[in-house]
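So the structure is just underneath, and the comments pick up after that.
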Amino acid sequence: MTVLVTGIGELATLDDTTDGADHTEGLGLLHDAAVVVDEHDEVLWVGPAAEAPAADSRTDLGGRAVVPAFVDSHTHLVFAGDRGPEFAARMTGTAYDGDGIATTVAATRGATDDQLRALIRGRVAEMRAQGTNVVEIKSGYGLTLEGETRAMRLAREVTDEVTFLGGHVVPPEFRSRRDEYVDLVTGPMLAAAGDFARWIDVFCEPHSPHAFTAEEARTILTAGAAAGLGLRVHGNQLGHGPGVQLAVELGAASVDHCTHLSSADVDALAGTAGATVATLLPGVEFSTRSRYPDARALLRAGVSIALATDCNPGTCYSSSMPFVIAVAVREMGLSPAEALRAATVGAAASLRRRDIGRIALGTRPGLTVLDAPSHLHLAYRPGVPLARLLDLTPMR
């Protein structure tokens, strides 16, 4: 079965090989466009609507804009509980240092599989309703062998992009035995991760007593790499630190947060020629009243960037990539086009994938429809529910 999606007023392909497209700002824009996809959501044809081939069925979008579905490359969706009071405290001056994670760990440990499964699926549905098609999901709120294994197993039910984050924080019962907890992460937990996870991550943050030092993070990451997992790093969130340099040294696909960067950090990221992506999480700065990273300076230096929600109960309980795009434009110096690129092809690159994030022959990005004439409205109309993932299933 094939479906012709036509009546697209503006199509942002995000693909620099699209024939006849306007490649200004790297968007690959086509006007009065159409796309043909098959039953596996693979793109079979893209171009002017007047030249579209026949298909088994057809849907007309009435002049709306279409972009590749968003790729949310950093989330923590496997959790139970609520940290609204912590958010309220931060809004009145309490600083964030990572300690609230223990609250979520306790609530998550106390939830049943079915309760967590329902929460995860509800959050994924919320994301899809706002235009996200691919989501990375981390463990990290179990912090026991059973809890981390369960989190990865449940996450794998909804995504292939599962990240083992046993190195989120040191749980309270191991505070005086940190070495033993690192041994647990790199031993039995890591062995279990091989059945579910594609990635390993660690919160490398010496400014938090609950997170991991550079050497602890190195131990966790090198063990993960030896086990065949790709590397990701939480780095440089609360202050200047070793996270970015460690990520670059070890060849991580992404280093996330990047709020506090030195010139040496920026140079190191630029020197990877895009192999290590700086994933920026502006919803966190919004929700913690922290300084925003200078995305404009990163782009000027030649650093590849991505945008993601970091949807989690403590520092950014938002599942909205359109919100992230709007904040990145308003607060981080990005143009609307640059923010859209970071939320699609940039985030796909941070997952080392080329089959998503752009609309081109052979890709399977999913299509996000905007109830607007242009991609500019993602930042121009913040908070308005303009974006939705196009579901073609009923038409097949």
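The values are calculated or read from the model by the stated rules, or taken from the named source; none is laboratory data. Here the structure is a predicted model, which means the values were calculated and not measured. Every residue, glycine among them, receives a Cβ derived from its backbone with ideal geometry; neighbour counts consider all protein chains shown. The protein model used for the area step is the full one, side chains on, heavy atoms only, and it has no ligands, DNA or RNA in it. Shrake-Rupley method; radii C 1.70, N 1.55, O 1.52, S 1.80 Å.
Would you say ALA21 is open to solvent by 10 Å² or more (accessible area, probe 1.4 Å), touching a strand residue (DSSP E or B) at 6+ places or on another chain (Cβ under 6 Å), modelled with pLDDT under 95 and closer than 30 Å to PRO336 by Cα? Against the criterion (open to solvent by 10 Å² or more (accessible area, probe 1.4 Å), touching a strand residue (DSSP E or B) at 6+ places or on another chain (Cβ under 6 Å), modelled with pLDDT under 95 and closer than 30 Å to PRO336 by Cα), ALA21 qualifies.
Considering the range 311-396, there are no qualifying helices (runs of 4 or more DSSP H) wholly inside with 3 or more residues that are under 22 Å from ALA275 (Cα atoms), open to solvent by 60 Å² or more (accessible area, probe 1.4 Å) and in contact (Cβ under 8 Å) with a residue 40 or more places away in the chain.
Taken over the range 297-308, the criterion of being more than 19 Å from the chain's Cα centre (by Cα) and either among the hydrophobic types (A, V, I, L, M, F, W, C) or at pLDDT below 95 (or both) is satisfied by ALA297, ALA301.
A search for C-beta distances below 7 Å between a residue of the range 20-48 that is in contact (Cβ under 8 Å) with a residue 40 or more places away in the chain and on the phi > 0 side of the Ramachandran plot and any residue that is assigned to a loop (DSSP other than H, G, I, E, B) and open to solvent by 80 Å² or more (accessible area, probe 1.4 Å), counting only pairs 6+ apart in sequence or on different chains, returns GLY26/ASP16; GLY28/ASP16; ASP41/ARG364. Screening GLY333 against (1) over 25 Å from VAL244 (Cα atoms); (2) small (Gly, Ala, Ser); (3) touching a helix residue (DSSP H, G or I) at 6+ places or on another chain (Cβ under 6 Å) leaves a single unmet condition, (1). The combined condition, being touching a residue at least 40 places away in the same chain (Cβ under 8 Å) and more than 25 Å from ARG128 (Cα to Cα), is not fulfilled by ARG83.
Within the bounds of the range 67-77, is there any residue that is over 24 Å from GLU285 (Cα atoms), open to solvent by less than 10 Å² (accessible area, probe 1.4 Å) and more than 22 Å from the chain's Cα centre (by Cα)? No, because not a single residue in the range 67-77 is over 24 Å from GLU285 (Cα atoms), open to solvent by less than 10 Å² (accessible area, probe 1.4 Å) and more than 22 Å from the chain's Cα centre (by Cα).
Within the range 218-246, being among the small types (Gly, Ala, Ser), in contact with a helix residue (DSSP H, G or I) (Cβ under 6 Å, 6 or more places away or on another chain) and closer than 29 Å to SER290 by Cα holds for one residue alone: GLY235. Just the residues that are open to solvent by 50 Å² or more (accessible area, probe 1.4 Å) and at pLDDT 95 or above, please, taken from the range 276-290. Of everything in the range 276-290, just one residue is open to solvent by 50 Å² or more (accessible area, probe 1.4 Å) and at pLDDT 95 or above, namely PHE286. Tallying residues that are outside any helix (DSSP H, G or I), free of Cβ contacts under 8 Å to residues at least 60 places away in the same chain, within 18 Å of the chain's Cα centre (by Cα) and crowded, with 19+ Cβ neighbours inside 10 Å within the range 244-275 yields 5. Only one of the listed residues (LEU44, LEU11, LEU27, LEU61) is at pLDDT 95 or above and open to solvent by 50 Å² or more (accessible area, probe 1.4 Å). That residue is LEU44.
For the range 104-123, taking the residues that are buried (at least 18 other Cβ atoms within 10 Å of the Cβ) and at pLDDT below 95, the one that is farthest from ALA308 (Cα to Cα) is identified as VAL105. The listed residues are GLY98, GLY140, and the only one of them that is touching an Asp or Glu at 6+ places or on another chain (Cβ under 8 Å), among the small types (Gly, Ala, Ser) and either part of a helix (DSSP H, G or I) or modelled with pLDDT of 95 or more (or both) turns out to be GLY140. The set of residues in the range 11-37 that are among the aliphatic types (A, V, I, L, M) and farther than 16 Å from GLY357 by Cα comprises ALA21, LEU30, ALA33, ALA34, VAL36. The lone criterion from (1) farther than 26 Å from VAL170 by Cβ; (2) surrounded by fewer than 22 Cβ atoms within 10 Å (Cβ to Cβ); (3) among the hydrophobic types (A, V, I, L, M, F, W, C); (4) free of Cβ contacts under 8 Å to residues at least 40 places away in the same chain left unmet by VAL303 is number (2).
Test THR315 against the criterion of being β-branched (Val, Ile, Thr) and in contact with a strand residue (DSSP E or B) (Cβ under 6 Å, 6 or more places away or on another chain), and give yes or no. So THR315 fails the test. Per the conditions (1) assigned to a helix (DSSP H, G or I); (2) surrounded by fewer than 24 Cβ atoms within 10 Å (Cβ to Cβ); (3) β-branched (Val, Ile, Thr), the sole criterion not satisfied by ILE220 is (2).
Looking at the range 279-289, can you tell me whether even one residue there is over 17 Å from the mean Cα position of the chain (by Cα) and either outside any helix (DSSP H, G or I) or charged (D, E, K, R) (or both)? Yes, that holds for at least one residue. The residues on offer are GLU146, GLU126, and the sole one that is touching a residue at least 24 places away in the same chain (Cβ under 8 Å), open to solvent by 50 Å² or more (accessible area, probe 1.4 Å) and either part of a helix (DSSP H, G or I) or among the hydroxyl-bearing types (Ser, Thr, Tyr) (or both) is GLU126. Looking only at residues of the range 149-180 that are assigned to a helix (DSSP H, G or I) and free of Cβ contacts under 8 Å to residues at least 24 places away in the same chain, we find that the one that is most open to solvent (accessible area, probe 1.4 Å) is ASP179.
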